[in-house]
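Okay, so here's the structure we're looking at.
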Amino acid sequence: MQWLELIRKLNGDGNVFRTSVSLPPPGAVKMRLFGEPRTNCAGLVWDRSQVDLSEAYIWPSGYMAKTEFNLTHKGELVNGRSSALVTIDRLVECNRRGLTTNAETGELQEVADGATMNFNEINWPCKGTRGIVAVFVRSMELGRVLHALGVVALLDHALGLRLPLLLLDSEHPVCLLDNSILEAYLRQALPTHLERWPAVLVPRLPVDVSTMHFSDMEKLNIHAMYGLRRSSLWQLFAKYTDDPVRFHELLSAGLKACVALRNVPSAREIVRATSPLLLGFGKEETACHERRLMTEVLVLSETLPDGSDDLQVALGAEVMLMEFRSGQTKRRIDRAVEELGEWLRKVNSQCTLCDFFSWVETWKKEPTSRVSSFINGKAVANRADFLKHLKKLRDADDGESYVRELYEVVQALRSPCLRFHMLRDVLGLDRRFSRNVLHAIVCFAFDIFVPRPSSAFEVDESTRLEAEESGGLMGRRPSREILGVETPEDFSADPLGIETRLFRALYRENRSRKFS
């Protein structure tokens, strides 16, 4: 979460904010960096010659300035912290001579032979991305390297910074981790059988391996075990838009791997990346491959254990969109329109007693149906309105208009009812997909096809949703216009995942406090 907050501040040269860094000794050895490696495993490197330190506050190694408590919002130091300030030249000299602050006397003294210095602190007004030259990682543990690679990809995506990755472990001279080193490292980490790779921090930051020489299946396995940046996924599938056989093979393999590892964000990202491409295929050339894929996806949904609604959303969205593209949805709508129209004609010509019998017939299919809705005419009005929406759905000729209309329909389904069962059948889904799951499927599809306002946070979905739903980064999100009206502030592309993400974010914050 701190990375997303930092990116928001870095976005634009006009943004000025104070932040703290450390200046390591020559070679970046024998100095401990700030924080614990498990929660502060990656960071940014600035070129000192490119930043303005004229208004910086600088303290030598070992002095606990604690600027988070001793620096006011106006940039003024309190509680005597100004008494220990040094110049940048003095700090460079202290680093060269190995001088650190004595905790008891406050005097500078040489560190013992072979000992590691504590971090120093430079707090200065940072202006945009000026001077940022690299990302560093503090160890070669797999989870930390993956997180650092995710930071590299995030900075490229959000700020257009293409940065190298450096290893700063305090024990060895700084090392450049170029593509050849990283590719060999990741390839060695690829297991013979699929297994989840560690995510050291939440939110997980997807990585970009598009410049590395992995095969398509290796990339999909990395995506299932951890997560690839959406642009990497798009490139992987886009090159097969003229080869529907291979396209569907890779799509099936990717979804199977994500389901096997219960990796919900990666499964959703595959659906998100491939859905617009799927809708561009011709119906005849992909019919047999699509039916095979549809069968495989439905079989996957059958194998999911209880409590897997979040994965059902990803699989259900895939089925729903394939059914729309194939034309099956329109054919089912034709039958539903005829059936519903016939029911309305009968009811409108009947008496109140007949309305009661209509409720009985509905109650047999949906026991929660209320007789009062049939007596007071509410059921008739609801179904008449539903019929209008079905006709609009039938006329939708692209993904955006289709999901816009679907979103409006599901918003009206406050509880399971005959309309819900009819809509679920129309979409090609079965009884495994509850009303809540169906609502989440439509919200997910809406988020795929309806353009969102651009921002610095148009990052991969798993990262964006984590940030938005935790509330810690963006607070209450402003409403935005959808379907011609202002949508509620709590709209989410992933309604079923909010509680899980809140819990994970809380866990991460507690863990950070524990080890800080």
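Key figures for this structure:
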| quantity | calculated |
| --- | --- |
| Selected residue [among the polar types (S, T, N, Q), modelled with pLDDT of 90 or more, under 23 Å from the mean Cα position of the chain (by Cα) and farther than 30 Å from Glu76 by Cβ] from Asn179, Asn221 | Asn221 |
| Qualifying residues in the range 174-215 (those that are in a loop (DSSP other than H, G, I, E, B) and of a type in the set (Lys, Arg)) - the one surrounded by the most Cβ atoms within 10 Å (Cβ to Cβ) | Arg204 |
| Scope the range 323-338; condition without any contact (Cβ under 8 Å) to a residue 60 or more places away in the chain and either closer than 20 Å to Asp494 by Cα or surrounded by fewer than 16 Cβ atoms within 10 Å (Cβ to Cβ) (or both); matching residues | Gly327, Arg331, Arg335, Glu338 |
| From Leu311, Leu250, Leu300, residue being surrounded by 18 or more Cβ atoms within 10 Å (Cβ to Cβ), out of contact with any Cys (no Cβ under 6 Å at 6 or more places or on another chain) and modelled with pLDDT under 90 | Leu300 |
| Candidate set: the range 164-173, residues that are surrounded by 13 or more Cβ atoms within 10 Å (Cβ to Cβ) and in contact (Cβ under 8 Å) with a residue 40 or more places away in the chain; chosen: the one nearest to the chain's Cα centre (by Cα) | Leu166 |
| Residue list for the range 1-58, restricted to those being charged (D, E, K, R), at pLDDT 90 or above and within 19 Å of Leu176 (Cα to Cα) | Asp47, Arg48 |
| Per-region count, the range 16-33, residues assigned to a helix (DSSP H, G or I) and aliphatic (A, V, I, L, M) | 1 |
| Verdict on Glu36 being closer than 23 Å to Trp3 by Cβ, part of a loop (DSSP other than H, G, I, E, B) and charged (D, E, K, R) | yes |
| Some residue of the range 400-417 being assigned to a helix (DSSP H, G or I), in contact with a helix residue (DSSP H, G or I) (Cβ under 6 Å, 6 or more places away or on another chain), within 30 Å of Leu159 (Cβ to Cβ) and modelled with pLDDT of 60 or more | yes |
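The values are calculated or read from the model by the stated rules, or taken from the named source; none is laboratory data. All figures in this text were calculated on a predicted structure; none of them were measured in a lab. Heads up, the Cβs are rebuilt from the backbone with ideal geometry, glycines too, and the neighbour counts pull from every protein chain shown.
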